[in-house]
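These notes are about the structure you will find just below.
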Amino acid sequence: MRRLFWFFTLLVLVLLAPRPAAAHATLVESDPAPNAVLAEAPAVARLRFSEPLEPSYSRVVLTSAESGPIATAPSRVDPADPYVLLLELPPLAEGVYSLQWRTLSTADGHTMTGMVPFVIGDPAAANAPLVLPPAPPDPLAAPPLSDVAARWLTLLGLTLALGGLCFRLLVWQPTTLDASGAALFERVARRIEIGGGLLALLGASGALLLASATAGGDALTFALRSRVGLLLALRIALIGLLALVLISRDRRRAGVGLVVGSAALLTLSLLSHSAVSQGRDLSGRLMTISAIGFDLAHLLATCAWIGGLAALLATLLAARRAATRRSGALTQLVAHFTGMATAAVIVLATTGTFAALRHLSAISELWTTTYGRALSVKLGLFGLLLAVGGFNRWWLHPRLARGPEAAGLRTLRRSVGFEIGLSVVLLATVGLLTASPPPETSVAQAEGLTQRTRAGNTYLVLQIVRNDTAGDIYALTAYGLPPGVEPEAVIRASMPAHSEEITELQLARVEPNRWGARGALLTMPGQWHLETILRARGMDDVRHTFIIDTSLAPSSTTPSAGAPLWAVLLTLALMLTALSQLPIARRWQGRFQSSALLMVALAFGAATVPYYLTRAAERTNPLSPTPEVLAAGKAIYERSCASCHGLSGRGDGPAAATLPGLPADFTIPHFATHTDAQVFEWIKNGKPGTAMPAFGDQLSEEEIWQVITYLRELYRQAQP
């Protein structure tokens, strides 16, 4: 008995004695090595692990980044070495491949998964100099001051010249003043118009010289051999012709000058952000033409309102010096100007909103990019101008209508002068706005993929150049890092749908705030999570997870049409409404109003008819919510979906905190707005731009419909 006691005592001590803990069967080395570039594949792939493997439950398969799994003989554990997993490889063409492995350790019984990416191609390509794609622009970089000044002078000059012509055609009444006052107005207004034309000519000439110097050639060659140079030269010619028209004393000078000046403004629109192609198909071309037309309308409205203020001030100065004043005529003139200004404000607000929705993808870009900050300043000045205009319209104008008070005229002159000062600053911000590139969050480029994001105070841009012969090229650019730090950069790739082990790629610093490397991370079709990490001593880690879906067809090198047809029609309706506010004949006001109603009706049809036609053609759930269907859907949901979306469907699963975005909540009313066909598409093929992976290769169509039926039941039970 005593011997038995000591035996068990020693046994317990042995079991409790400290010793190295057994680890999982992790990969130690492999042939081919991870991210290796080989001229040809080895006959047998060898993967050595840290622990012996269970032969019946350990395997490795070969996959291609382009075509997916490749048929091979079954893998096997080396009979002479239980730590080694073997797979015979067939001859492989050039491309990116990976060895997807799954092991069960005989030591601790744990299952592990992972992959070994490698490339078949020219080994010399792996040692070739790393050539990164062109660096993206710094979103907070200021454009050259000379460029901004040239754009500002051009726009300011055209605004003064065309604003005076609009004032003459729509507002000015010679009977407002006596002969001496009318002559004084004519002298002041002509000087403003001619001075504006000369300013615009100076700005347009400077723009051509700056553009040709940047391109590296003389102005004449640049004007003859490039589209940009041709449009800039045409702008100079049109503004010169406008100046000649303004100098002449022909009675038709106002109408002819307005046509020539509008053509000069069109050259501004043709070289603006609105002229960026929206696609080569008919819809894209029509959208591009609409964007250019709205930009031209925006410029004309700017000229009519801001340039008209200078002409209005000239009228008020002439009225002050005139021998006699006709208060009623002045009041009518101010009322006519108010009508023109109201029309201009409606056009500016409508077309400006249309442009902002095209160029901005997030509200944060209003303060995180140069373009957005310039737009924010412009909106602030625009709001201030509206406030001053409202003061003139609702307080000063009624005061003038009651009698010829000198104090009222003085206040109006000062108010208009203040508006003109604000307008000059506003036009300077427009010059900065048009010289700055609009922000973009994700755009396909000819050389690869580009995704942009904001991570705290840092602006990150990830560029990927796909190359099947030497691995992909990854470039990471960061703007806004603390000064003086040189962080390390790494990319961690994972594919949540396949529960693969994370693959890490270390990036080398190529230039300040830019890192790059060549590697094979996207080794199979599907949705990948690429977590970028910037780490340095004394700085919090900068992290962001980019979602790359390699199963989607490559997108066009130009962005698709960014606005639906109904938005274009609604914009036209608002512009027609603005035209009905002009001081013109009543029959034309009625025609504009009727046309606006027609456009609203067409916009309603364009927004609703395609929706119902699409819904009528959509697939419907063929299953009924029987107990059997719900039980099957629940089992699939708990196995494949609950880890992210939670058992109750509220998007609070245990894996939700690790995802870049919140999983969908199936219990909120918004879920009911999605049709079964939409949910089916997202489950089968994944949801682009989110962490939702594709389950089409894991679930049959019937199983997907069972899950959808169960999701509808979850939603129904969650409602009060």
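The values are calculated or read from the model by the stated rules, or taken from the named source; none is laboratory data. For clarity, every value in this text was computed on a predicted model and none was experimentally measured. A quick note on method: Cβ atoms are made from the backbone with ideal geometry, for glycine too, and the neighbour counts reach across all protein chains shown.
Which ones in the stretch 711-720 are assigned to a loop (DSSP other than H, G, I, E, B) and touching a residue at least 60 places away in the same chain (Cβ under 8 Å)? It would help to see each step written out before you state the result.
Keep residues of the stretch 711-720 that are assigned to a loop (DSSP other than H, G, I, E, B), which gives 719-720.
Selection gives nothing.
Looking at 157, 163, 109, 95, which one is at positive phi and modelled with pLDDT of 80 or more? I'd like the intermediate steps shown before the answer.
On the way: 157 fails: at positive phi; 163 fails: at positive phi; 109 fails: modelled with pLDDT of 80 or more.
When all the criteria are applied, what remains is 95.
Determine which single condition residue 389 fails, assuming it passes every other condition in (1) at pLDDT below 80; (2) crowded, with 19+ Cβ neighbours inside 10 Å; (3) within 26 Å of residue 564 (Cα to Cα).
Exception for residue 389: condition (3).
Just give me the residues in the stretch 221-239 being crowded, with 18+ Cβ neighbours inside 10 Å and within 26 Å of residue 187 (Cα to Cα), in sequence order.
Scanning the stretch 221-239 gives 236, 238, 239.
Of the numbered conditions (1) closer than 14 Å to residue 158 by Cα; (2) surrounded by fewer than 16 Cβ atoms within 10 Å (Cβ to Cβ), residue 243 fails exactly one; give the number of that condition.
(2)
Please pick out the residue among 79, 69 that is part of a loop (DSSP other than H, G, I, E, B), surrounded by fewer than 14 Cβ atoms within 10 Å (Cβ to Cβ) and not small (Gly, Ala, Ser).
Values: 69 fails: part of a loop (DSSP other than H, G, I, E, B).
Answer to the check: 79.
Here is a list: 356, 362. Which entry is outside the structural domain of residue 458 (by TED's automatic domain parsing), of a type outside the set (Ser, Thr, Tyr) and modelled with pLDDT under 75? Explain how you work it out, then say what you get.
Working: 356 fails: modelled with pLDDT under 75.
Result of the check over 356, 362: 362.
What tally of residues in the stretch 506-524 results from selecting those that are surrounded by 23 or more Cβ atoms within 10 Å (Cβ to Cβ) and within 26 Å of the chain's Cα centre (by Cα)?
Count: 3.
Output the number of the condition that residue 41 fails; it satisfies all remaining conditions of (1) part of a loop (DSSP other than H, G, I, E, B); (2) surrounded by fewer than 17 Cβ atoms within 10 Å (Cβ to Cβ).
Here residue 41 clears every test but (2).
Within the stretch 630-648, is even one residue of a type in the set (Ser, Thr, Tyr), in a loop (DSSP other than H, G, I, E, B), within 21 Å of residue 530 (Cα to Cα) and touching a residue at least 40 places away in the same chain (Cβ under 8 Å)?
No: zero hits.
I'm told residue 613 meets every condition in (1) among the hydrophobic types (A, V, I, L, M, F, W, C); (2) free of Cβ contacts under 8 Å to residues at least 60 places away in the same chain; (3) within 30 Å of residue 168 (Cβ to Cβ) except one. Can you identify the failing condition by its number?
Of everything listed in (1) among the hydrophobic types (A, V, I, L, M, F, W, C); (2) free of Cβ contacts under 8 Å to residues at least 60 places away in the same chain; (3) within 30 Å of residue 168 (Cβ to Cβ), residue 613 misses just condition (3).
Check the stretch 8-28 and report whether any residue there is closer than 15 Å to residue 100 by Cα, assigned to a strand (DSSP E or B), at pLDDT 85 or above and of a type in the set (A, V, I, L, M, F, W, C).
No - not one qualifying residue is present in the stretch 8-28.
Going through the stretch 680-710 one residue at a time, which ones are among the polar types (S, T, N, Q) and outside any loop (DSSP other than H, G, I, E, B)?
We begin by selecting, within the stretch 680-710, every residue among the polar types (S, T, N, Q); these are 685, 690, 698, 700, 706, 709.
Result: 685, 706, 709.
For the stretch 615-629, which positions are of a type in the set (A, V, I, L, M, F, W, C) and either in a loop (DSSP other than H, G, I, E, B) or touching a Pro at 6+ places or on another chain (Cβ under 9 Å) (or both)?
Within the stretch 615-629, the first condition is being of a type in the set (A, V, I, L, M, F, W, C), and the residues that meet it are 616-617, 623, 629.
Once the filter is applied, which keeps residues that are of a type in the set (A, V, I, L, M, F, W, C) and either in a loop (DSSP other than H, G, I, E, B) or touching a Pro at 6+ places or on another chain (Cβ under 9 Å) (or both), the stretch 615-629 yields only 623.
Return the total of residues in the stretch 679-699 being without any contact (Cβ under 8 Å) to a residue 12 or more places away in the chain and loosely packed, with under 15 Cβ neighbours inside 10 Å.
Pass one, the stretch 679-699, residues without any contact (Cβ under 8 Å) to a residue 12 or more places away in the chain: 681-682, 687, 697.
Checking the rest, the ones that are also loosely packed, with under 15 Cβ neighbours inside 10 Å come to 697.
So the count comes out to 1.
Looking only at strands (runs of 3 or more DSSP E) that fall completely inside the stretch 433-501, which ones have 2 or more residues that are polar (S, T, N, Q) and modelled with pLDDT under 80? Lay out the reasoning, then the answer.
Working: elements: 442-445, 448-455, 458-465, 472-479, 488-494.
Once the strands (runs of 3 or more DSSP E) in the stretch 433-501 are filtered for at least 2 residues that are polar (S, T, N, Q) and modelled with pLDDT under 80, what remains is 442-445.
Can we say residue 248 is of a type in the set (S, T, N, Q) and surrounded by fewer than 16 Cβ atoms within 10 Å (Cβ to Cβ)?
Details: of a type in the set (S, T, N, Q): yes; surrounded by fewer than 16 Cβ atoms within 10 Å (Cβ to Cβ): yes.
Yes, satisfied.
If we keep just the residues of the stretch 403-432 that are closer than 16 Å to residue 315 by Cα and of a type in the set (S, T, N, Q), which is modelled with the lowest pLDDT?
411
Of the numbered conditions (1) touching a residue at least 12 places away in the same chain (Cβ under 8 Å); (2) closer than 25 Å to residue 172 by Cα, residue 270 fails exactly one; give the number of that condition.
(2)
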